[in-house]
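Asker: The following block contains the structure, expressed as structure tokens.
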Amino acid sequence: MKAAAWITLLYAILVFFGGLMGHIKAASTASLVMGTIFGFLLFLTSLGMFKNKLFSAYIGILLILLLDGFFTYRFLYTLSFFPAGFMSLVSLGVLLAVALLLRNHLRRERR
């Protein structure tokens, strides 16, 4: 589960700095607030994953799924690849990676 924790941690950093950049470039306070909140929550879930807490992995997947849904919606609404389309693809990749790594972890535990 360590690999999933590292991926989630890197994604948390990306979300945080993405919100910060949204605030700097577009003066979007909503980007700053949501980037900070989701970045912090993803950071906490990655810490839980480092401690092999299964509940943290499920919460992390839920947060990533919410962000992927949001970014996909924004991409379909604006048809602008950057930042919404890019973050949608990154979120989908992170979601798949974390889910597959969690599945492999659970299979190893059952044996």
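The values are calculated or read from the model by the stated rules, or taken from the named source; none is laboratory data. Keep in mind that what you see is a predicted model, and the values were worked out from it rather than measured. Glycine gets a Cβ as well: all are built from the backbone with ideal geometry, and neighbour counts include every protein chain shown.
Asker: In segment 52-70, which residues are surrounded by 15 or more Cβ atoms within 10 Å (Cβ to Cβ) and not in a helix (DSSP H, G or I)?
Answerer: 53
Asker: Go through (1) at pLDDT 95 or above; (2) in contact with a Pro (Cβ under 9 Å, 6 or more places away or on another chain) one by one and return the number of the condition residue 22 breaks.
Answerer: Condition (1) is where residue 22 drops out.
Asker: So, in segment 17-31, of the ones that are aliphatic (A, V, I, L, M) and either under 14 Å from residue 82 (Cα atoms) or outside any helix (DSSP H, G or I) (or both), which residue ends up nearest to the chain's Cα centre (by Cα)?
Answerer: In this case the residue turns out to be 21.
Asker: Give 92, 102, 41 a once-over and let me know the one that is hydrophobic (A, V, I, L, M, F, W, C), closer than 20 Å to residue 9 by Cα and modelled with pLDDT under 95.
Answerer: From the options 92, 102, 41, the qualifying one is 102.
Asker: Condition test on residue 73, is it among the aromatic types (Phe, Trp, Tyr), part of a helix (DSSP H, G or I) and within 16 Å of the chain's Cα centre (by Cα)?
Answerer: yes
Asker: Let me ask another. Across segment 84-105, which residue is surrounded by the fewest Cβ atoms within 10 Å (Cβ to Cβ) among those that are touching a residue at least 24 places away in the same chain (Cβ under 8 Å) and under 10 Å from the mean Cα position of the chain (by Cα)?
Answerer: By that ranking, first place goes to 92.
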